[in-house]
């Protein structure tokens, strides 16, 4: 169980990064310096954190296989190169994204 930063509704499959200062998770952006720019978890169920921080259940280590088509990225992860970088970051923690899973 993790804490999701307030401010949005997180869809199932959200690719998340952990904010170092607060230990809360948010959508992992393409760049940044707060720690969340490193993808480290995938959200298993949709969570509405629009008005307040909320708890979510994630896959945060492997070995685990997730569906590549089921992943949801932050708005700044908007091209193939950035998506590949996020998938590489997930692979580093043992989360493998595959087609057709």
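The values are calculated or read from the model by the stated rules, or taken from the named source; none is laboratory data. All values reported here derive from a predicted model rather than from experimental measurement. Positions of Cβ are generated from backbone atoms using ideal geometry, with glycine treated the same way; all protein chains shown enter the neighbour counts.
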## Note on the structure
Just one listed residue, out of 77, 66, is part of a loop (DSSP other than H, G, I, E, B) and under 19 Å from residue 98 (Cβ atoms), and it is 77
### Query
If we scan the stretch 33-45, do we find a residue that is surrounded by 14 or more Cβ atoms within 10 Å (Cβ to Cβ) and closer than 14 Å to residue 7 by Cα?
no
### Task
Kindly indicate the residue of the stretch 23-32 that is in contact (Cβ under 8 Å) with a residue 24 or more places away in the chain and either under 12 Å from residue 1 (Cβ atoms) or in a loop (DSSP other than H, G, I, E, B) (or both) and also nearest to the chain's Cα centre (by Cα) among those meeting that condition.
28
### Query
Within the stretch 1-22, which residues are in contact with a strand residue (DSSP E or B) (Cβ under 6 Å, 6 or more places away or on another chain), modelled with pLDDT of 95 or more, farther than 11 Å from residue 46 by Cβ and not in a strand (DSSP E or B)?
5, 6
### Task
Return the total of residues in the stretch 72-101 being under 22 Å from residue 31 (Cα atoms) and in contact with a helix residue (DSSP H, G or I) (Cβ under 8 Å, 6 or more places away or on another chain).
6
### Query
What pairs come up if the first residue lies in the stretch 44-63 and is within 14 Å of residue 13 (Cβ to Cβ), the second is modelled with pLDDT under 95 and loosely packed, with under 14 Cβ neighbours inside 10 Å, and their beta carbons are under 8 Å apart, counting only those six or more places apart or on different chains?
56/1; 57/1
### Message
Consider the stretch 39-63. How many of its residues are farther than 20 Å from residue 92 by Cβ and part of a loop (DSSP other than H, G, I, E, B)?
### Response
7
### Task
Scan the stretch 19-32 residue by residue and report those that are crowded, with 23+ Cβ neighbours inside 10 Å and under 16 Å from residue 55 (Cα atoms).
25, 26, 27
#### Entry: the stretch 80-101: number of residues that are part of a loop (DSSP other than H, G, I, E, B) and at negative phi
3
### Query
What are the residues in the stretch 66-88 that are surrounded by 12 or more Cβ atoms within 10 Å (Cβ to Cβ) and farther than 12 Å from residue 44 by Cα, if any?
68, 73, 74, 76, 77, 82, 83, 85, 86, 87
